[in-house]
1. Quantify how strongly other chains surround peptide B:25-34 by giving the mean number of their Cβ atoms within 10 Å of each of its Cβ atoms.
2. Restricting things to alpha carbons, tell me how big the stretch B:42-108 is in terms of Rg and Dmax, in Å.
3. For the stretch A:12-25, just list the computed ³J(HN,Hα) in residue order, Karplus coefficients 6.51, -1.76 and 1.60, θ = phi - 60°, integers in Hz, with x standing in for Gly and Pro.
4. Where only protein heavy atoms count, and the probe is 1.4 Å, what is the accessible area per residue for the stretch A:23-112 in Å²?
5. What does the average come to when, for each residue of peptide B:38-44, you count the partner chain Cβ atoms lying within 10 Å of its Cβ?
6. Counting only protein heavy atoms and a 1.4 Å probe, tell me what percentage of the protein assembly as shown's accessible area is made up of carbon and sulfur.
7. Relative to 2.2 N^0.38 Å, what does the C-alpha radius of gyration of chain B come to as a ratio? Two decimals please.
8. Would you pull out the residues with amide H under 5 Å of A:ASP55's amide H, same chain only if 5 or more places away, H placed 1.01 Å from N?
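The values are calculated or read from the model by the stated rules, or taken from the named source; none is laboratory data. All values reported here derive from a predicted model rather than from experimental measurement. Backbone-built Cβ (ideal geometry, glycine too); neighbour counts: all protein chains shown. Surface areas here come from the heavy atoms of the whole protein model, side chains and all, with no ligands, DNA or RNA. Shrake-Rupley method; radii C 1.70, N 1.55, O 1.52, S 1.80 Å.
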Amino acid sequence: GDSVTQMEGPVTLSEEAFLTINCTYTATGYPSLFWYVQYPGEGLQLLLKATKADDKGSNKGFEATYRKETTSFHLEKGSVQVSDSAVYFCALKATGYSTLTFGKGTMLLVSP
Amino acid sequence: GAVVSQHPSWVICKSGTSVKIECRSLDFQATTMFWYRQFPKQSLMLMATSNEGSKATYEQGVEKDKFLINHASLTLSTLTVTSAHPEDSSFYICSASVGADPYEQYFGPGTRLTVT
């Protein structure tokens with residue numbers, strides 16, 4: 001079945017550092033890929049998405065590129081802020097289906 | 001826009017009792033609602049998918065008689081944990097989607113259930 005693997009956290013960075021959170025997936029066909037963010041005490045929010053190979057999703061300074069050849073969708077940000085501290089989930093959705101498959105989540109802690 | 005609420009945000013109940021969790025889409029009509037369960041440091045595990053007015057579709061391994069889902073309207077779905085036991089203690093999250101593929105989901109803040 002479909003699956004998503006994320007790097008384990010927590011990822012601890014200083015403010016303005018470069019962020020990479022790795023995400024790889026296993027799926028048949030051409031799934032859509034998502035990054036969700038969960039701030040403390042809040043629900044998951046869609047951060048960015050990509051629906052086909054080579055697409056780049058971006059939002060709030062975060063970027064991720066859909067790489068079919070490496071089945072990856074790594075999340076990057078050039079300069080993190082304390083307010084970016086949260087749990088980040090990578091997810092996929094098979095075409096034509098409404099359900100999401102999530103990775104385990106990666107906690108990001110950014111210190112001043 | 002696209003706000004989903006859950007009530008209660010946390011609940012403690014005694015073993016053997018039932019507890020109901022509500023999920024509401026506040027500013028849109030959801031064609032589909034989803035219920036997830038999340039264990040500490042674990043991924044979100046989909047429990048069931050429900051469409052308004054029809055029976056929920058449960059994922060393999062989820063007891064439908066234990067986790068009753070009712071999707072009474074386009075803005076409300078409820079999850080009832082019947083005869084709760086300590087192993088049912090978990091974080092339950094709902095989401096709602098509207099429209100066509102890719103069926104973007106909007107998530108509620110979650111409900112922490114503790115069964116004593």
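1. Numbers: counts 0, 0, 0, 0, 0, 0, 1, 2, 0, 3.
Neighbouring Cβ atoms belonging to other protein chains average 1 per residue here.
2. Rg, Dmax (Cα atoms, Å): 12.6, 39.
3. Taking θ as phi minus 60°, the curve returns 10, 9, 8, 3, 6, 6, 8, 10, 9, 10, 7, 9, 10, 9 Hz for the stretch A:12-25.
4. On the way: 3940 Å² over 90 residues.
In whole numbers, the stretch A:23-112 has 44 Å² accessible per residue.
5. Mean shielding by partner chains, rounded to a whole number: 5.
6. On the way: 5680 of 11020 Å².
About 52 percent, which is the carbon plus sulfur part of the accessible surface.
7. Numbers: Rg = 13.4 Å, N = 116, 2.2 N^0.38 = 13.4 Å.
Rg over 2.2 N^0.38 Å, computed on Cα atoms: 1.00.
8. It is A:TYR66, by chain and number.
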